[in-house]
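Input: a single structure, listed below in C-alpha cells.
Every number here is computed from the coordinates shown, using simple stated rules; none is lab data. Because the structure is a prediction, the values reported are computed rather than measured. Heads up, the Cβs are rebuilt from the backbone with ideal geometry, glycines too, and the neighbour counts pull from every protein chain shown.
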Amino acid sequence: MLTTTNGNILPAMRALLPESLNLYYLCTELNAYSVVVITLNLSAMQATALENGIFISDKALERVNTLLKEEGRGADYFVRVSVVSGGCSGLSYKMDFDNVLKPTDQIFEDKGMKLVTDMKSVLYLFNTMLDYSDGLNGKGFHFMNPNASRTCACGESFSV
C-alpha cells in the first residue's frame, strides 16, 4: 500500500506498479562476470511522500524576518539557498534574498517562509535545516545537512 506521511492511500499510483520487479546487476569481480538478479516484491512496499524538503528553524526564521525588515524588502522576497563548488570540502552553501523566481526553481515553504533552490542544489539540500546561531562560537546562519558526509572546521563547506 502506498501512503503519504499523513496516511493517505495513493491507489492510483499503486495501480501503475507491477506486483514484482526484477533488477539485473552485472558483477565483474576478479575478472569473472556473473549476473545477479534481484526480485523486489512491490505489492508489499510502501512509499512515503515528504511534505517539505528544506526547513528553517525558529531562530533562523526570526533572523531572516529581521534582516528583510531592516533592508526594506517587501513580502514578495524569499530565501534563495544553493550549493556551489568551492571551499575546503568541495561544496559551499550560498544564501541570498530574492524576489524573482526562475522557471526551474524548486520552491519549499516552512513556517510561512518560502525557501527556493535550483534543480542541482535540491539534491544536496534535501531535508536540510537552515539554522541561526548568535552565540560566541560562531554567529550567523548554519546549514544542518544530513546529506553531508564531511564538513570543514569552519562549517562553510561540505562534501557528500
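A few notes on this one:
- Per-residue Cβ neighbour rank within 10 angstrom, fewest leading, Phe78, Phe55: Phe55, Phe78
- 13 Å beta-carbon shell around Arg63, net charge (K/R +1, D/E -1): -2
- The trypsin sites (Lys or Arg not before Pro) found in the range 63-98 that occupy coil by DSSP, while having at most 16 further C-beta atoms within 10 Å, are Arg73.
- Amide hydrogen neighbours beyond the local backbone of Thr128, cut-off 5 Å, H modeled: Phe55
- Ranked Val81, Val64, criterion: other C-beta atoms within 10 Å, fewest first: Val64, Val81
- Ranked list, fewest to most other Cβ atoms within 10 Å of each Cβ, for Leu123, Leu91: Leu123, Leu91
- Anisotropy class of the range 54-159 from Cα gyration tensor, a/c 1.5 cut: oblate
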